[in-house]
Amino acid sequence: MNENKTGSWWQTIPGILTTIAGIVTALTGLVVALQQTGWFGKPEPAATLQVPPSPTANQRAERAQPASSRPAPVTADAANIQLPGGNSVQMDSGTGYQFRYTILSATTMPEPSNQQRLRLNIRAWTSASGGLNFWSDSFRLIIGDMRIKPSNMLNELVARDETKDALIEFVIDGDIRAATLAITVGGLDFSGNQRKLELAWQ
């Protein structure tokens with residue numbers, strides 16, 4: 001009699017476990033359903049990956065350039081300068097060597113205390129075997145009886161048959177509207193070593 005009761009009780013355990021598993025599964029499904037409907041609060045939005053737009057061909061080319069070679073931003077207050085006699089001068093040493101200076105661009109920018117900054121982008125070239133000393137002391141701005149040296153420092157070597165560009169700047173009175181740029185080949189002394197270019201602006 002006792003053996004039958006014990007066997008009957010053990011035989012019901014699998015049924016009880018199956019029932020419990022079914023209840024847990026049902027409750028889990030109910031909780032998931034209630035969570036999706038917002039019963040336990042507003043569901044968090046799925047995270048989205050922000051993909052930046054692909055750069056254009058111009059943007060890729062600009063990023064590939066060194067910072068020093070990128071064009072400077074244009075300012076609305078800049079005034080372009082005219083060169084009535086041309087933008088290039090050449091000196092011949094008399095021994096077969098040539099030296100050429102070309103103004104690529106020329107602008108003025110207003111400065112405090114009624115002054116202005118004259119900026120000249122100049123390209124230098126030479127056929128001399130020893131190259132050319134491309135330095136700021138080769139340039140003077142002539143205004144009346146004044147000879148003004150550049151406000152910035154430049155001292156570079158231009159190798160034979162090489163071109164090199166550099167900025168030369170002058171800070172002058174804000175009322176000036178015309179000047180003469182005198183250019184001398186640095187470190188050399190020969191007849192015709194100095195040439196001049198006329199500058200005029202509004």
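The values are calculated or read from the model by the stated rules, or taken from the named source; none is laboratory data. Note that the structure is predicted; figures quoted are calculated from it, not measured. Quick reminder, even Gly has a Cβ in these numbers, built from the backbone with ideal geometry, and neighbours come from all protein chains shown. Surface areas here come from the heavy atoms of the whole protein model, side chains and all, with no ligands, DNA or RNA. Shrake-Rupley method; radii C 1.70, N 1.55, O 1.52, S 1.80 Å.
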For this session: Pick out the one residue from Pro110, Pro84 that is in a strand (DSSP E or B), farther than 23 Å from Lys164 by Cβ and of a type outside the set (Phe, Trp, Tyr).
Result: Pro110
For this session: List every residue pair whose Cβ atoms lie under 7 Å apart, where the two residues are 6 or more positions apart in sequence or sit on different chains, the first residue falls within the stretch 83-95 and is hydrophobic (A, V, I, L, M, F, W, C), and the second residue, located anywhere, is assigned to a loop (DSSP other than H, G, I, E, B).
Result: Met91/Val185; Met91/Gly192; Met91/Asn193
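Go over the candidates Phe99, Phe170 one by one and state the one that is within 15 Å of Val185 (Cβ to Cβ), modelled with pLDDT of 95 or more and assigned to a strand (DSSP E or B).
Values: Phe170 fails: within 15 Å of Val185 (Cβ to Cβ).
One residue alone meets the criteria, Phe99.
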Exercise. Are any residues in the stretch 82-96 β-branched (Val, Ile, Thr) and modelled with pLDDT of 95 or more, and if so, which ones?
Worked result: Val89
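Can Ala182 be described as open to solvent by 50 Å² or more (accessible area, probe 1.4 Å) and over 19 Å from Gly131 (Cβ atoms)?
When the stated conditions are applied, Ala182 does not pass them.
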Seminar exercise, completed: Counting only residues in the stretch 137-150 that are more than 11 Å from Ala179 (Cβ to Cβ) and open to solvent by 10 Å² or more (accessible area, probe 1.4 Å), the one nearest to the chain's Cα centre (by Cα) is identified as Pro150
For this session: Give just the number: which of (1) on the phi > 0 side of the Ramachandran plot; (2) open to solvent by 80 Å² or more (accessible area, probe 1.4 Å) does Asp189 not satisfy?
Result: (1)
For this session: Please go through the stretch 114-134 and pick out each residue that is surrounded by 13 or more Cβ atoms within 10 Å (Cβ to Cβ) and either in contact with a Cys (Cβ under 7 Å, 6 or more places away or on another chain) or more than 15 Å from Met91 (Cβ to Cβ) (or both).
Result: Gln115, Gln116, Arg117, Leu118, Arg119, Leu120, Asn121
Problem set entry | Close pairs (6 angstrom Cβ cut-off, 6 or more residues apart or separate chains): under 15 Å from Lys196 (Cα atoms) in the stretch 137-155, of a type in the set (Lys, Arg) and crowded, with 17+ Cβ neighbours inside 10 Å anywhere | Arg147/Arg140
